[in-house]
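Worksheet for the structure shown next.
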């Protein structure tokens, strides 16, 4: 409903569905869920990418071109923000997603799986499209780089 609504209102030109993980087991293969989601949106402006040969830099480059990213895989949200793109991280199973997003200063950009609704995603979308989120993302990335360089003893 969220994706279809963005397309119908003309807020986005297209939606790209990205299978973040493609195996090795069926449980770790996002392609099944991505295909199902594409069929539910049922719009020719929805594209499903073959990401089987993507590494972190390819994902980061792809996400950097997006207006926003909704990710169930935490590393998808992290790679989006590393590219300067706002991301909504959907948490499941553990507190890892909430901890990382809260720690980066984006407590409003994560949601528990069971609480993630089209309404919630629309409210998040309105938040990121109405303000300058890229400045906050850049500041968080700079802070993370500084902390990492301090930890390993390298100049940033």
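The values are calculated or read from the model by the stated rules, or taken from the named source; none is laboratory data. A quick note: this is a predicted structure, and the numbers were derived from the prediction, not measured. All Cβ positions, glycine included, derive from the backbone under ideal geometry; neighbour counts span all protein chains shown.
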| field | Condition met for residue 115 (farther than 22 Å from residue 139 by Cβ and out of contact with any strand residue (DSSP E or B) (no Cβ under 8 Å at 6 or more places or on another chain)) | value | yes
| query | Filter the range 1-32 for residues that are over 23 Å from residue 74 (Cα atoms) and free of Cβ contacts under 8 Å to residues at least 24 places away in the same chain; which is surrounded by the fewest Cβ atoms within 10 Å (Cβ to Cβ)? | reply | 10
| remark: Considering residues that are surrounded by 13 or more Cβ atoms within 10 Å (Cβ to Cβ) and out of contact with any helix residue (DSSP H, G or I) (no Cβ under 8 Å at 6 or more places or on another chain), the number found within the range 78-102 is 3
| request: Sort through 57, 52, 109 and tell me the only one that's modelled with pLDDT of 90 or more and in contact with a strand residue (DSSP E or B) (Cβ under 8 Å, 6 or more places away or on another chain). | output: 109
| task | Being within 13 Å of residue 71 (Cα to Cα), out of contact with any helix residue (DSSP H, G or I) (no Cβ under 6 Å at 6 or more places or on another chain) and outside any helix (DSSP H, G or I) is the filter here, so list the residues in the range 1-43 that pass it. | result | 16, 18, 30
| field | Meets criteria (at pLDDT 90 or above and under 17 Å from residue 66 (Cβ atoms)) for residue 98 | value | no
| note | The number of residues in the range 50-77 that are surrounded by 12 or more Cβ atoms within 10 Å (Cβ to Cβ), outside any helix (DSSP H, G or I) and free of Cβ contacts under 8 Å to residues at least 12 places away in the same chain is 1
